[in-house]
Amino acid sequence: MSVEQIQASAGSFQRRIQGRNAREYVAAIAVVVFFGWEFSRTPDLLARIGFGLMIAGMFYMVWALLSRGSGRPLPEDAGRASFIEFQRGELVRQRDLLRSVWRWYLGPLIPGLAVLLATSFNHAIQAGRAFPVVFVALFAVLVAAVFFGIARLNGRAALKLQCQIDELDEAGR
Amino acid sequence: MPQVERSHGADFEEVLATYLAALERLARAYEADPETRRDLLQEILIALWKSLDGFDNRCSLRTWIYRVAHNTAASHVSRQLRMRRQIFVGLEELPEPADSRDGEDAVAHRDAVATLYELVHQLKTIDRQVMVAYLEGMDAAQTSEITGLSARNVATKIHRIKHVLAHRFREGGRDVR
């Protein structure tokens, strides 16, 4: 492989990494499109605020993933760090990402969800029937359970990473 | 071409001339699939190309190159692990080979190398690095610089590597290196 070939492939390699990241966020884009469509067709002001907050929350989440996520290229000073230093840095970054999941992953969605649930609850009460009220209440409980479940799973994963960090620290002593 | 770029290019050509074969062996130690291995080698060379300007003589060029190569390969393994859910073992957990009398028959060099790489592919990343460094003829100090392991841990792992290689490739004492 010549120097010119390496130079030429550096650009296409970077584009491949970006392509890989883009595919990971297709689901987020689909969700934004869905909420955007709902935003445009609902006449309810409160619901529009809810959908708008959800869209803003999704954009923040995607930005947080892009800036802190796993698809980053190798830092250009990788030669300064031994494997343990380099790997430790990566594990700490991933651990902190998992520990802070309420802040950048779940938290941004809460305002929009809360407004949408409140809107649905209001409509259900105005309808004057018990079933819609119970349904919305149960749905709220389910959403809360899913959120706490995700946070718990991420917390466990963060603990596993901490064990790996501790192993590396021990190996370096 | 501007003087700075030509210097960088010339430096990199020297690196390629000196280290390409070793980097190919390193890539093979980290990736069994030939096509993915070519991607990994390309990734390593690109990382070296980008990092060379940052080399500041705080370590030897050889250490720098191997650090970049190993760190790139380790990132590759982490990504593959997330996709394939493989399990790697430490040097201490490698199973003892079957009756060594079977190994005393002459083994073609290519079979021995293939067997060696199969062994390496089972190892956790840090142990793989020590194994690769040992097979490339690096001493404990260089291995410690590249991996970040303490000298004591490097010595322990090298002792284990020698035991494993001696048992698996016993051919009248021929060193697989």
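On the stretch given as the range B:145-167, residues that are more than 8 Å from chain A (Cβ to nearest Cβ) and either within 15 Å of B:E93 (Cα to Cα) or of a type in the set (G, A, S) (or both) total 14. Comparison of A:V134, A:V115, A:V146, A:V141 shows that the only residue that is in contact with a helix residue (DSSP H, G or I) (Cβ under 8 Å, 6 or more places away or on another chain) and either crowded, with 16+ Cβ neighbours inside 10 Å or not hydroxyl-bearing (S, T, Y) (or both) is A:V115. Would you check if A:L161 is crowded, with 16+ Cβ neighbours inside 10 Å, within 20 Å of the chain's Cα centre (by Cα) and within 14 Å of chain B (Cβ to nearest Cβ)? Spelling it out, A:L161 is indeed crowded, with 16+ Cβ neighbours inside 10 Å, within 20 Å of the chain's Cα centre (by Cα) and within 14 Å of chain B (Cβ to nearest Cβ). Just need a number here: residues in the range B:128-161 that are under 16 Å from B:A29 (Cβ atoms) and among the hydroxyl-bearing types (S, T, Y). Total meeting the criteria: 3. Tell me whether the range A:53-69 contains one or more residues that are modelled with pLDDT under 80, within 14 Å of another protein chain (Cβ to nearest Cβ), surrounded by 14 or more Cβ atoms within 10 Å (Cβ to Cβ) and within 30 Å of B:D56 (Cα to Cα). Looking for residues that are modelled with pLDDT under 80, within 14 Å of another protein chain (Cβ to nearest Cβ), surrounded by 14 or more Cβ atoms within 10 Å (Cβ to Cβ) and within 30 Å of B:D56 (Cα to Cα), one finds at least one in the range A:53-69, hence yes.
Okay, residues lined up against (1) within 13 Å of the chain's Cα centre (by Cα); (2) modelled with pLDDT of 90 or more; (3) within 7 Å of chain A (Cβ to nearest Cβ):
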| position | (1), (2), (3) |
| --- | --- |
| B:E31 | yes, yes, no |
| B:P34 | no, yes, no |
| B:L40 | yes, yes, no |
| B:I44 | yes, yes, no |
| B:W49 | no, no, yes |
| B:D53 | no, no, no |
| B:D56 | no, no, no |
| B:R62 | no, yes, no |
| B:A69 | yes, yes, no |
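Among all positions in the range B:76-84, there is at least one residue which is outside any strand (DSSP E or B), more than 21 Å from A:G89 (Cα to Cα) and at pLDDT below 90. The C-beta contact set for the range B:121-139 (first residue outside the structural domain of B:T63 (by TED's automatic domain parsing), second residue among the aromatic types (F, W, Y) and in a loop (DSSP other than H, G, I, E, B), distance under 7 angstrom, 6+ apart or interchain) comprises B:Q122/B:F88; B:L123/B:F88; B:K124/B:F88.
Name every residue in the range A:37-52 that is of a type outside the set (A, V, I, L, M), part of a helix (DSSP H, G or I) and loosely packed, with under 15 Cβ neighbours inside 10 Å, in order of residue number.
Kept after step one, since they are of a type outside the set (A, V, I, L, M), are these residues of the range A:37-52: A:37-44, A:48, A:50-52.
Then keep just the ones that are part of a helix (DSSP H, G or I); that gives A:37-41, A:48, A:50-52.
If the condition is that a residue be of a type outside the set (A, V, I, L, M), part of a helix (DSSP H, G or I) and loosely packed, with under 15 Cβ neighbours inside 10 Å, then A:W37, A:S40, A:R41 are the ones that fit.
Suppose we keep only residues that are closer than 15 Å to A:Q164 by Cα and polar (S, T, N, Q) within the range A:81-112. Which one would you say is surrounded by the most Cβ atoms within 10 Å (Cβ to Cβ)? For the range A:81-112, the residue satisfying everything is A:Q87.
The values are calculated or read from the model by the stated rules, or taken from the named source; none is laboratory data. All figures in this text were calculated on a predicted structure; none of them were measured in a lab. Because the Cβ atoms are built from the backbone with ideal geometry, glycine has one as well, and the counts that use them run over all protein chains shown.
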